[in-house]
Amino acid sequence: MAHPTLSDMEKKKVCSLMDCEKLSREACAHAAQNDRLPVQTVVQVLFYQQQRLRDTMGGDGLIAVEPSTTITTAHHHHQQAIIHELSWLIKENQDMKFEL
């Protein structure tokens with residue numbers, strides 16, 4: 001366990017210094033599953049990750065594609081992965097709200 005001597009208040013203070021918008025996708029996924037982080041930090045991480053995914057998908061949750069554009073198989077799989085991750089984050093966000 002990293003820094004086992006930190007109190008909950010100290011953890012909150014340290015985590016408040018973290019810029020969740022700059023976390024990588026991997027760091028966000030790790031933070032979302034880390035039960036040692038304060039709930040407020042986890043919710044903030046999930047919020048920014050969800051916002052980032054929405055921005056990637058065109059802002060409204062729909063993938064912005066020109067009608068004449070041919071979607072390659074690799075691109076389609078990438079979109080499916082993003083949609084899957086977004087669904088997971090939405091569910092995780094709802095679960096966190098329920099816990100609060």
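Read-outs throughout are calculated quantities, based only on the coordinates presented, and are distinct from any laboratory measurement. Keep in mind the model is a prediction, meaning the values are calculated, not measured. Quick reminder, even Gly has a Cβ in these numbers, built from the backbone with ideal geometry, and neighbours come from all protein chains shown.
Given R₀ = 30 Å, what would the calculated FRET efficiency be for Ile90 paired with Leu6, taking r from the Cβ atoms and rounding to 0.05?
With a Förster radius of 30 Å, E is 0.45.
What is the fewest-to-most order of Thr41, Thr56, Thr5 by other Cβ atoms lying within 10 Å of their Cβ?
So the ranking, lowest neighbour count to highest, is Thr5, Thr56, Thr41.
Got a sec? How would Ser24, Ser87 order by Cβ neighbour count within 10 Å, fewest to most?
Arranged by neighbour count, lowest to highest, Ser24, Ser87 become Ser24, Ser87.
Can you tally the net charge around Arg25? Count Lys and Arg as +1, Asp and Glu as -1, for every other residue whose Cβ sits under 9 Å from the Cβ of Arg25.
Charge balance in the 9 Å sphere: -1.
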